[in-house]
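Any read-out appearing in this document is the output of simple, stated calculations on the displayed coordinates, not a laboratory observation. Just so we're clear, the structure is a prediction, and the values are computed from it rather than from any experiment. Cβ sites come from the backbone with ideal geometry, for glycine too, and all protein chains shown count toward neighbours.
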Amino acid sequence: MQNTLAGGCSSPVRSGWSVGEKPFVQSRGDGAYAFDEHGERYIDYIMGYGPLFFGYNNPALTAGLQQLAARGVLFGSTHAEEERLAQRIRAHVPSIERVRFTTTGSEAMMSAIRVARAFTGRNLIVRFAGNYHGHFDAALFDAGASAQTPETGRSGIPEGVMQDVAVARYNEIEAVERVLAGREKELAAIVVEPICANMGLVPASTEFLKSLRACADDAGALLIFDEIISWPRAGMGGAQAVYGVRPDITAIGKVLGGGFPIAAFGGREDIVDVLAPDGPVFTGGTHAGNPFSVAVAHRVLDQLESHPEYFAYVRGLAERLAAGIREIFARRNLAYNVVQYESIVDFMFRNGPPVRNYDDARGSDGAKYAAYYRAMLDRHILLPPSQNEVMFLSTAHTESDVDETLAAIDHSLKEAVAS
């Protein structure tokens, strides 16, 4: 594949390089299962890196797609369903008073930062190592974790960009104060994932997020929540409802499209009004708010609103998986820590308490994870080919799938730990 696909893939995390493997080549997906190029079935915990909350091919999302397409998959005009979708989002996330749709989470976050800079008239952004906000320049360097950008000088990111972004340690307000010292009046926004899932699963502490809110307020700056992953996996109100911290701007995506490309950002009305045509800030895109993806997003919200029991179901599966892994660790005298939040489960090959920041995550044993990944793949369990990623469960997974996975983990850990 490397003869035609750059790096053998369209996104580096899929390449398998961090576990010393070739890319997993998938031919199709069905329910909770991925099938390789030979038709072999695997229980899938990648789930498209988060969007497939309902698994593959859920009829509630996929039935009658031909009829949706027949109305037009792309318009060059605004349409009423965009407005209706924006209203539905706002009803669940009140901090998003006005919405603009994008195609990807990267675009949503890039636009959110541009809006913050325009609204405040300032340039400095504070973000956190191990948080992933997309592959645009301001978000990528020193991001660590999934981004894996150790050689910033060779990565095509101009030095000038780096001067307007300060990177702090996650879950540590003192680190924010250190990087801001003397630059408070330059600060446009603090950008954070309230529930981080790109250096393993690392939820923020409530105290940390509330301190960020206060810090932004004191500096006359904005607080931006990247809820691309956490909304609505953390619930229909998002992580901001769970923590009781209201950001000024929020970005959402992934689950919203049910596997189709759609994302959005929005926030306080007076802030978002800097967007053209009302203000001077341009964001846009040929496929932004396209009627096909918007129609699927309505189906996603239909399912989540009419079946609140889905959240309890996937949480129960995640709790079953996490408890089973903890029992295996205890039996094997392994001091690894399992983290579970709603439908996400994670552990790292690292002794001690749960990871709180990227410095902690870097202390995990990548060689052991690589051996574990291969052993699990041999047992037909598909995990992310990177220890920085997490296990996503879906409504398509079953208790039987979880139990089969736990049996595979028990055997695979023996091989991994011995490596």
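Per 10 Å bin, what is the whole-percent P(r) computed from every C-alpha pair distance within the range 268-373?
All Cα pairs considered, the percentages come to 12, 23, 21, 24, 17, 4, 0.
Bins of 10 Å, beginning at zero and ending with the bin holding the largest distance: percent of Cα pairs per bin for the range 64-306, please.
Here the calculated profile for the range 64-306 is 8, 33, 36, 18, 4, 0.
Quick one: check the C-alpha center-to-center distance for the range 204-247 versus the range 383-411, whole angstrom.
Distance between centres, Cα-based: 29 Å.
Hey, got the Cα dimensions of the range 293-338 along the principal axes, in Å, largest first?
50, 21, 10
Considering lysine pairs in the chain that are 8 or more places apart or on different chains, how many have Cα atoms under 28 Å apart?
For the chain, the number of qualifying lysine pairs is 6.
Rg and Dmax of the chain over Cα atoms: what are they, in angstrom?
Reported Rg and Dmax, both Å: 21.0, 62.
Let me know the charge dipole size of the chain about its Cα centre in debye, to the nearest 20, where only the beta-carbon of Lys, Arg (+1) and Asp, Glu (-1) is charged.
My answer is approximately 160 debye.
Between Gln87 and Lys414, 0.36 nm times their residue separation minus their Cα-Cα distance comes to what?
112.6 nm
Mind sorting Glu227, Glu177, Glu159 by how few other Cβ atoms lie within 10 Å of their own Cβ, fewest first?
Numbers: Glu227 27, Glu177 13, Glu159 9.
Least crowded to most crowded, the residues run Glu159, Glu177, Glu227.
Can you name the helices of the chain, as whole DSSP H runs, whose Cα span along the helix axis is 15 Å or more and whose Kyte-Doolittle mean is not below -0.5?
105-120, 206-219, 291-306, 309-331, 366-378, 399-418
Could you tell me the extents of the range 1-153's C-alpha atoms along the three principal axes, largest first, rounded to whole Å?
Its Cα atoms span 54, 49, 28 Å along the three principal axes.
Can you work out the FRET efficiency for the pair Glu40 and Asn3, with r the C-beta to C-beta distance and R0 = 35 Å, to the nearest 0.05?
Once the sixth-power term is evaluated, E becomes 0.90.
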